[in-house]
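Everything on this sheet refers to the single structure shown next.
The values are calculated or read from the model by the stated rules, or taken from the named source; none is laboratory data. As the structure is a computational prediction, the values presented were derived from the model and not from experiment. Cβ coordinates were reconstructed from backbone atoms using ideal geometry, including for glycine residues, and neighbour counts include every protein chain displayed. Note: accessible area is taken over every heavy atom of the protein model, side chains too, but ligands, DNA and RNA are not part of it. Shrake-Rupley method; radii C 1.70, N 1.55, O 1.52, S 1.80 Å.
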Amino acid sequence: MGLTPSFAQAPGSEVEVAVPTQDCSINMGPQHPATHGVMRLLLKADGEVLTGAQAHLGYLHRCAEKIGENVDWTQYLPYTDRYDYLSAMNNNLGYSLAVEKLMGLEVPERAQWMRVLLAELNRIASHLFAVGTYGLDLGAFTPLFYTLREREEILDLFQEICGARLTCTFIRPGGLFNDAPEGWLEKVESFLCRFEERWKEYDALLLRNKIFIERTAGIGTLSGNDAVTWGVTGPLLRASGVDWDLRRDQPYLVYDQLDFEVPLGVGRQGEVGDCWDRTEVRMSEMLASLSMIRQCLDKMPDGAIQHPDAGPVLRPAPGRAYVGVENPRGELGHWLVSDGTKHPVRVRMRSPSFCNLSVVEHLLPGAMLGDAAAILGSIDIVVGETDR
Amino acid sequence: MNGEVLSFSLFSALAVGGAGLALFSKSAVRSAFALLASFLGVAGLYLVLGADFLAVTQILLYAGGILVLYLFGLMLVPPEGDEPRALRRPLALVVAVAPVAVLLIGFLSRPSHGARAVLAEPTETVKEIGLALLRPDGWLLPFEYASILLLAALVGAVHLARRSVSNEEAE
Amino acid sequence: MTSSAFSRWWRNLSDGVISTARGMRITLRTFLRKPVTVQYPDEKPDLGGRYRGIHYLEQDLCIYCDACAKACPVDCIEMDATRHGKELEWHAFTLDYNRCMLCELCVYPCPKDCIHQGEEYALVTEDREDMVRDLLTWKGLTEEQKQKVAEVEALKAQRAAGGGE
Amino acid sequence: MDGNFISHLLSASLPPGFPFWGLALLAAFLGALCVVGFVSILALVSVWLERKIAGHIQARLGPMRTGGWHGWSQTLADAIKLLTKEDVILRGADPVLFRLAPALVMGSALAMFAVLPFAPGVQFADIDLGVYFLLAVASLTTIGVIMAGWGSNNKWSLYGAMREAAQATSYEIPLALSLIPPILHFGTFSLLSATEQQSGWGGMQWYIFSDAFWVAIPSFFLFFTAALAENKRAPFDLPESESELVAGFHTEYSGLRFAFFFLEEYAAMFAASAVATAYWLGGWNFPGMTFLSTGSLWLPILGALAFLLKAMFLVCVMIWIRWTLPRLRIDQVMTLGWKYLTPLALGIMVAAAGWEAWRASL
């Protein structure tokens, strides 16, 4: 980068203020607290105002797709836990649905309801983390600890049902590995009651806080058109006012039997699609998930949780399948190719964080340096998923 | 050697040394920080003279305000200016020598130099300064004139620096 | 300053003060409540029966079928035994925790339900070698087995002798 | 050096022919030693408090393991760790400025303690400029921070320095303006004299309870807010904002030099709280002090206790605010300073002046 004099010119005034300045390029990351992992953003800044941004990925690349070609269909499950490690259940679900589509399996009904319940619980856990760390990005430490407190309760529930907290490996092709232990569903119910109260605390500490509103309203606005053009999905897309949710628009499992609303960004504090809207959508989605879990608890049937044909070693018929599911961060798609053997030929995923991250290059220029953390945090990436 | 002479020489050394460093330092930012030493030295000299209010004001305004603005400006300006150094040198000479010459001439032409270095017992300088400033027969008028001048300069600067607001921010 | 600008100024100010006060009330309330954390080394959390910790093996039941090793996505299980008819002479049954991701996929295919994941979770060592753990509680043959093997050998020898006659 | 108990002590114990400047230097040295010791202990206590308060606010306990009761020696252990850590100076850094900055910051923080009236008779120097001197010295920390940011040769640090330069100079104005109501009320810059004037009503004639309470209370809040910004405390911790600038101006500092910045933050917090205590909350005055005779030894002890308690309470409020609020953006910090606090402070100043003038005319 050479000396590039830019002339700050006041438009419409007679006086030209000709101070030659030089944009400063700053490395944000790979070791930076606001990048939520090992990621590098190359920023260009004119004083506090950013003029350019470029995301450099790959620090956390673990060959997740290539590994898929070398393991069994079932053996790939633990790897799905690990790309978006904050929503392992949803990843398990996406992969399992794709394998079931290849095999043409119909999952038992109880398993379907359990899957929805687990996926929505994990969605709450993931959004809790997203909202909490977003507060952290903006300098509010405490909300993170509050959200983690509730997330821990969800993880305790996960631990009780599947034995692991983060990397669940629980939803599998054909159903679930295990049925819920005695009294587990009641524990979920009691958690939901506690959670509603706690939700109000985050609302007051973050969403309704004046400083938080000032920091996020009107910042990093992504219009609906741009959002669609950039291939953004999930809460980001809905915050921009685009009414699209795979759970409702391409229903899988028993989502078509559930009654839920899809929260959209309406620009209550600033513009539609700003950082505040994104946080608000996540917060509202937690409540929506809450009502979905309640419905699941009410309608939970008895029965098997595993399809009898789905043994430990699967051999789907030759063919290919794509299944997209609504993950906490957006559409997680699995594209699987089978040649009839016990190994996949190709495992490819469309990861929401990766697609959503691409908009930083569109959103950051023009924002301020302090907004870089605000915008990046509102996109809510998980670097494990962008790099896979 | 009594305490007064000792502190006087210490503070003057600080003031002159700081000024010298500011002059001869290669880096502009270091020069600015050297000015801090100079300011502190001058403040100390005021203190020796019993003008504690002036000393504290010197620190508050020059070190805490003006120096910070210098630094702010320096950090915003690229390290090398556009015009070559050789061009600036004669000009700098004139700018440096002229005021010194004027000061020297004035100093030498006065009959009694070697000003008395010590005031009478310093008592309640704040009160005295306040009275001197605000009494109608004191310095009230010149003080207010100066503030109006500063205000005018401020308005002018705002006018020059302000962007056109015709299309943005209609309210 | 127009009246709307002034009212906005005033609203911004009061919003800031009120929301700050509200936030401080919440933090104060939490301050006065009992903390929710577990003081880890002194207290330990209840892990529940399904916890996926470090493995243990019911060696008597194991039939050396290799199903768990085959199911493992990262090939971290290795076993070695010699078959003496029905009896197994165990040499090694190691699990490499450098690789293991505690996914429990090894537990499900076991026909004898003899490999389990326990509640121990502290995978702490100073040496990578220590992460390769032997799950065997005993190696070679037990006295009982030796006796059985000897009996079988003796029977065989008897039969061989009888057959030769 | 008048009114200084150290110099009184010294002049009583030293031989009569001892030169005055020697006495002054000795007194200054001993005084500085006292201040350093006091500030170090204060910082240790404040850091421990900060951690415990942060912990409990966040539904956890904070440090529990080092030392017996509630991890009381955690900060002590940290201090030892910081003292023994390697002192790193980057190759590209400006070695002189890098070394000078922590000293400047620490020195100015210590100098603030010279004029704080802790208890009757316990004050290092009662100069009649009092709080004016304090403001001037506090402004020197700004230079130190800029020096650190520039000297580190790190872009994040430089950003921190620039933010500090903009923020500190802006908030000095509302800070100073919000001090004017008590200065007008007591007619003095001296914290000692202001404290003494609040000793009426059985030790409860504090400025915020006086007839001018309607200007005292808003000016107190203004001062507190401006002091938060001046001390780089959340929500105004822009110069070091860890989620944006990593740690801003002290990113590259380690060991003892880092400890100086750390110490300065808590020293400055205490100094600001002490000024607020002395001007608004009655300083060392406490209810019931009239029962003690003037010469009683209990008076300075209980007075110092009352002063410390009040000041530490304000420090705790600062901590409480820090763990509640998100951080402002730099332009919002400037907006708040210039468009909200400064006009408010001006208005309150005018109101206070009018009130005092009216009262004087009665």
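Filtering D:299, D:346, D:328 for residues that are of a type outside the set (Lys, Arg), in contact (Cβ under 8 Å) with a residue 24 or more places away in the chain, more than 24 Å from residue D:111 (Cβ to Cβ) and in a loop (DSSP other than H, G, I, E, B) leaves a single hit, D:328.
Among the residues of segment C:47-66, how many are more than 9 Å from every other protein chain (Cβ to nearest Cβ) and outside any strand (DSSP E or B)?
Total meeting the criteria: 10.
What do you reckon, is residue A:31 farther than 30 Å from residue C:104 by Cα, modelled with pLDDT under 85 and within 14 Å of chain B (Cβ to nearest Cβ)?
no
Every condition in (1) open to solvent by less than 50 Å² (accessible area, probe 1.4 Å); (2) hydrophobic (A, V, I, L, M, F, W, C); (3) farther than 23 Å from residue D:119 by Cβ holds for residue D:307 except the one numbered (3). Here C:96, C:134, C:113, C:127 are screened, and the one residue that is without any contact (Cβ under 8 Å) to a residue 12 or more places away in the chain and in the same structural domain as residue C:63 (by TED's automatic domain parsing) is C:127. When the residues of segment D:314-339 are filtered to those that are of a type in the set (A, V, I, L, M) and more than 10 Å from chain A (Cβ to nearest Cβ), the one that is surrounded by the fewest Cβ atoms within 10 Å (Cβ to Cβ) is D:317. Do we find a residue being touching a strand residue (DSSP E or B) at 6+ places or on another chain (Cβ under 8 Å) and assigned to a loop (DSSP other than H, G, I, E, B) anywhere in segment A:59-66? Among the residues of segment A:59-66, at least one is touching a strand residue (DSSP E or B) at 6+ places or on another chain (Cβ under 8 Å) and assigned to a loop (DSSP other than H, G, I, E, B), which makes the answer yes. Output the residues belonging to segment B:49-61 that are under 18 Å from residue B:18 (Cα atoms) and surrounded by fewer than 21 Cβ atoms within 10 Å (Cβ to Cβ). Residue satisfying the conditions is B:61 alone. Residue C:78 - would you say it is acidic (Asp, Glu), buried (at least 17 other Cβ atoms within 10 Å of the Cβ) and under 18 Å from the mean Cα position of the chain (by Cα)? Against the criterion (acidic (Asp, Glu), buried (at least 17 other Cβ atoms within 10 Å of the Cβ) and under 18 Å from the mean Cα position of the chain (by Cα)), residue C:78 does not qualify.
Only one of the numbered conditions (1) under 23 Å from residue A:101 (Cβ atoms); (2) open to solvent by less than 40 Å² (accessible area, probe 1.4 Å); (3) not β-branched (Val, Ile, Thr) is violated by residue A:372, and that is (1). Taking segment D:168-182 as the range and being within 30 Å of residue A:41 (Cβ to Cβ) and surrounded by fewer than 24 Cβ atoms within 10 Å (Cβ to Cβ) as the test, only D:170 passes. Only one residue in D:61, D:82, D:135 is more than 26 Å from the chain's Cα centre (by Cα) and either aliphatic (A, V, I, L, M) or within 13 Å of another protein chain (Cβ to nearest Cβ) (or both), so which one is that? Matching residue, one of D:61, D:82, D:135: D:61.
Could you tell me whether segment D:116-126 includes any residue that is in a loop (DSSP other than H, G, I, E, B), more than 27 Å from residue D:272 (Cα to Cα), touching a residue at least 24 places away in the same chain (Cβ under 8 Å) and among the acidic types (Asp, Glu)? Within segment D:116-126, not a single residue is in a loop (DSSP other than H, G, I, E, B), more than 27 Å from residue D:272 (Cα to Cα), touching a residue at least 24 places away in the same chain (Cβ under 8 Å) and among the acidic types (Asp, Glu). Checked against (1) over 18 Å from the mean Cα position of the chain (by Cα); (2) among the β-branched types (Val, Ile, Thr); (3) within 21 Å of residue A:325 (Cα to Cα), residue A:381 passes all but a single condition, namely (1). Here residue B:4 clears all of (1) in a helix (DSSP H, G or I); (2) free of Cβ contacts under 8 Å to residues at least 24 places away in the same chain; (3) not hydroxyl-bearing (Ser, Thr, Tyr) except the condition numbered (2).
Could you tell me whether residue D:90 is crowded, with 19+ Cβ neighbours inside 10 Å, of a type in the set (A, V, I, L, M, F, W, C) and either at pLDDT 80 or above or over 30 Å from residue D:146 (Cα atoms) (or both)?
On the way: crowded, with 19+ Cβ neighbours inside 10 Å: no; of a type in the set (A, V, I, L, M, F, W, C): yes; either at pLDDT 80 or above or over 30 Å from residue D:146 (Cα atoms) (or both): yes.
Considered against the rule, which asks whether it is crowded, with 19+ Cβ neighbours inside 10 Å, of a type in the set (A, V, I, L, M, F, W, C) and either at pLDDT 80 or above or over 30 Å from residue D:146 (Cα atoms) (or both), residue D:90 comes out as no.
Annotation: residue A:191 fulfils all but one of (1) part of a helix (DSSP H, G or I); (2) within 14 Å of another protein chain (Cβ to nearest Cβ); (3) open to solvent by less than 50 Å² (accessible area, probe 1.4 Å); (4) modelled with pLDDT under 90; the unmet one is (4).
Among the listed residues A:123, A:165, identify the single one that is more than 14 Å from chain D (Cβ to nearest Cβ) and crowded, with 24+ Cβ neighbours inside 10 Å.
A:123
Could you please let me know if residue A:290 is under 30 Å from residue A:99 (Cα atoms) and surrounded by fewer than 18 Cβ atoms within 10 Å (Cβ to Cβ)? No; evaluated as a whole, the condition is false for this residue. Residue A:143 satisfies every condition listed in (1) over 18 Å from the mean Cα position of the chain (by Cα); (2) not in a helix (DSSP H, G or I) except (2).
Of all residues in segment B:66-91, which are surrounded by 11 or more Cβ atoms within 10 Å (Cβ to Cβ) and either at pLDDT 75 or above or assigned to a helix (DSSP H, G or I) (or both)? Within segment B:66-91, B:66, B:67, B:68, B:69, B:70, B:71, B:72, B:73, B:74, B:75, B:76, B:88 qualify.
One line per residue, one yes/no per condition, for (1) farther than 28 Å from residue A:367 by Cβ; (2) surrounded by fewer than 14 Cβ atoms within 10 Å (Cβ to Cβ); (3) outside the structural domain of residue A:366 (by TED's automatic domain parsing):
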position: A:221; (1), (2), (3): no, no, no
position: A:224; (1), (2), (3): no, no, no
position: A:229; (1), (2), (3): no, yes, no
position: A:235; (1), (2), (3): no, no, no
position: A:243; (1), (2), (3): no, yes, no
position: A:246; (1), (2), (3): yes, no, no
position: A:250; (1), (2), (3): yes, no, no
position: A:260; (1), (2), (3): yes, no, no
position: A:263; (1), (2), (3): no, no, no
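Checking each residue of segment D:106-113 against the condition of being open to solvent by 50 Å² or more (accessible area, probe 1.4 Å) and at pLDDT 80 or above gives no match. Candidates in segment A:168-188 are the residues that are open to solvent by less than 10 Å² (accessible area, probe 1.4 Å) and hydrophobic (A, V, I, L, M, F, W, C); of these, the one that is farthest from the other protein chains (Cβ to nearest Cβ) is A:188. Residues in segment D:93-110 that are among the small types (Gly, Ala, Ser) and more than 13 Å from chain B (Cβ to nearest Cβ): D:109 alone. Of the residues that make up segment D:38-45, is at least one surrounded by 18 or more Cβ atoms within 10 Å (Cβ to Cβ), in contact with a Phe, Trp or Tyr (Cβ under 6 Å, 6 or more places away or on another chain) and farther than 25 Å from residue D:114 by Cα? No, segment D:38-45 has no match at all.
Condition check ((1) more than 7 Å from chain B (Cβ to nearest Cβ); (2) in contact with a strand residue (DSSP E or B) (Cβ under 6 Å, 6 or more places away or on another chain); (3) within 23 Å of residue D:328 (Cα to Cα)) across all residues:
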position	(1), (2), (3)
D:128	no, no, no
D:143	no, no, yes
D:148	yes, no, yes
D:153	yes, no, no
D:157	yes, no, yes
D:164	yes, no, yes
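Remark: pairs (first residue in segment A:177-194, within 19 Å of residue A:164 (Cβ to Cβ); second residue among the hydroxyl-bearing types (Ser, Thr, Tyr); Cβ separation under 7 Å; 6+ apart in sequence or on different chains) = A:177/C:108.
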